[in-house]
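Note sheet for the following structure.
No value in this document is a laboratory result; all are computed from the given coordinates. Bear in mind that the values here come from a model prediction, so they are computed numbers and not experimental data. No Cβ is skipped: glycine too gets one built from the backbone with ideal geometry, and neighbour counts run over all protein chains shown.
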Amino acid sequence: MSYYQQEMECASLAAIKAIQTERIIKTVKHVYGNVAYYRKKMNEKGIKPSDINSIDDLSKLPFLSKDDLREAYPYGLLALPLKDTVRIQSTSGTTGTRVVAFYTQNDIDIWEDCCARAIVAAGGSSEDVIHVCYGYGLFTGGPGLNGGSHKVGALTLPMSSGNTDRQIQFMCDLGSTILCCTPSYAAFLAETIINQGLQDKIKLRAGIFGAEAWSEEMRRDIEKKLRLKAYDIYGLTEIAGPGVSFECSEQTGMHINEDHFIAEIIDPNTEEVLPEGAKGELVFTSITKEAFPLIRYRTRDICVLTRKECSCGRTFVKMAKPMGRSDDMLIIRGVNVFPSQIETVLMNCGYPANYLIIVGRENYTDTFEVQVEMTPEMFADTIKQISNRENELLASLRAMLGISPKVTLVAPMTIARSEGKAVRVIDNRKI
Ligand code: DLL
């Protein structure tokens, strides 16, 4: 087993709690002293830095939400003078809210260490050729994994996203061994590599895939097609970027870098902190960030934490694959539907993970359609066989979701591919 920072990654729970206590006390003093926005929020709750004396006092602190970030945009949560910061990263703003995060050089070093831990946990070392096709620029995926790869000392290919033919050519020519991109782009690369008959020219042995929800079924499909071991990686711009948590050889969830981020699970409605093993909304507190520390930030990601012993030897708490975001959850005819549930059914029924969920409203009732791409073999079927397939898929989706979508099977390669995060849902009800 190899680790990037073994002493910390395998520390005892008592040691982790001691570090978290020391760092939360310092962080609370830092934000109270330097950020008027925090001071106001804490004063409104009647909390002073002197009330925070251990990690157990965390729940006394107020939560922070995306609305706070919006309100404080752009500089309202900055905890240091601009001259001390060296970088900005930002979210894509697909939900209409642009979030900017600031970093000092030390913040970047720590973030890159977190990504290096992820790479080493996926078996990476200085022997590797790491092919990074997450987007570079404001998106954190490219810069984060790039920095982590440098720290590990691997040969780094800063490909960024797009130009699939060039990606594959570099992969073949330079012998890329570790691929970093979104799982949906990995699936597209796999499809293209197979179509071009290049499977035997590819030397990939590990993939570090994240930035969007993906199912276990999709993992197995990508692993089979690209002949590699696929590791999940999680993070969000507000908290740093990729590397907040990462998967190890056990592939049963992602270790959270607890020396930098404290995780809690809360009931999204009552805000009550839930015990280990309960499903709820993930909340993060950063405890080493200098420029943009966030305290009790509500991620909207729904997931579960566990401290079950891990065969890799790491002791950091593990988070399950997020099953979706509370704000991604669709409510269709009163029923909660997560795109990930639909993906699971499709993959189990042998379809590729290329689908589109289209929701609308007619006569005061929600309309719900799932368009699914067929494989080339399925497309060669007769119309009768295709119609039978649609009915079978409808029955499986109804069993999973409790409501019936209209199922439309479409020709291969007709649903637009994404180079970054996949677009799975078109909700026309909002317009
Ligand atoms: O997606 C950071 C990242 C880049 C993570 C590359 C992993 C790899 P944002 O664009 O701010 O940051 O989006 C953050 O994406 O709150 C989750 O909802 C979702 N997300 C990120 N990783 C995963 C994952 C980057 N492994 C939001 N599984 C988060 C499921 C994920 N969802």
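Label reach from ARG417 (point 7 Å along Cα→C-beta): in region 186-218, amide nitrogens under 15 Å belong to 186-199. Taking 7 Å steps out from each Cα toward its Cβ at ARG98 and ASN269 produces label points 3.7 nm apart.
Grouping the Cα pair distances of the chain into 10 Å bins from zero gives a pair-distance distribution of 4, 21, 30, 26, 14, 4, 1, 0 percent in increasing distance order.
For the residues TRP214, TRP111, what sequence is obtained by ranking on other C-beta atoms within 10 Å, fewest first? Walk me through the numbers on the way to the answer.
Working: TRP214 26, TRP111 30.
Ranked by crowding around the Cβ, least crowded first: TRP214, TRP111.
Under a model in which nothing but the beta-carbon of Lys, Arg (+1) and Asp, Glu (-1) is charged, the chain shows a dipole of about 500 debye around its Cα centre. Over the chain, Cα pairs under 8 Å with separation of 6+ residues give a relative contact order of 14 percent.
If we count other beta carbons within 10 Å of each Cβ, what is the order of ARG117, ARG300, ARG87, fewest first?
Values: ARG117 26, ARG300 20, ARG87 14.
By the 10 Å Cβ count, ascending: ARG87, ARG300, ARG117.
Between THR252 and LYS29, the modelled labels are 4.1 nm apart [label points 7 Å from Cα along Cα→Cβ]. Of the residues THR365, ALA411, GLN341, the one whose Cα sits farthest toward the positive end of the charge dipole of region 332-427, with +1 on the Cβ of Lys and Arg and -1 on the Cβ of Asp and Glu, is THR365. Remark: SER59, SER286 ranked as SER59, SER286, counting other beta-carbon atoms within 10 Å and listing the fewest first. Counting only GluC sites (Glu not before Pro) that DSSP places in a loop and that have at most 15 other Cβ atoms within 10 Å, the longest clean stretch of the chain runs over 1-126. Once both axes come from the Cα atoms, what is the angle between helix 339-348 and the longest principal axis of the chain, in degrees from 0 to 90, rounded to 10? Roughly 40 degrees, rounded to the nearest 10. Unpaired cysteine residues in the chain (no second Cys Cβ under 4.7 Å): CYS10, CYS114, CYS115, CYS172, CYS180, CYS303, CYS310, CYS349.
Counted by Cβ distance under 14 Å from ARG87, the other residues give a net charge of -3, where Lys and Arg count +1 and Asp and Glu count -1.
Count Lys and Arg as plus one, Asp and Glu as minus one, and take only other residues whose Cβ is under 14 Å from that of SER149; the net charge is then -2. All other residues with a Cβ under 14 Å from the Cβ of LYS321 taken together, and with Lys, Arg as +1 and Asp, Glu as -1, what is their net charge? That sum, taken over residues with Cβ under 14 Å, equals -4.
Bridgeable lysines around LYS384 (alpha carbons under 19 Å apart, same-chain partners fewer than 8 residues away excluded): LYS406.
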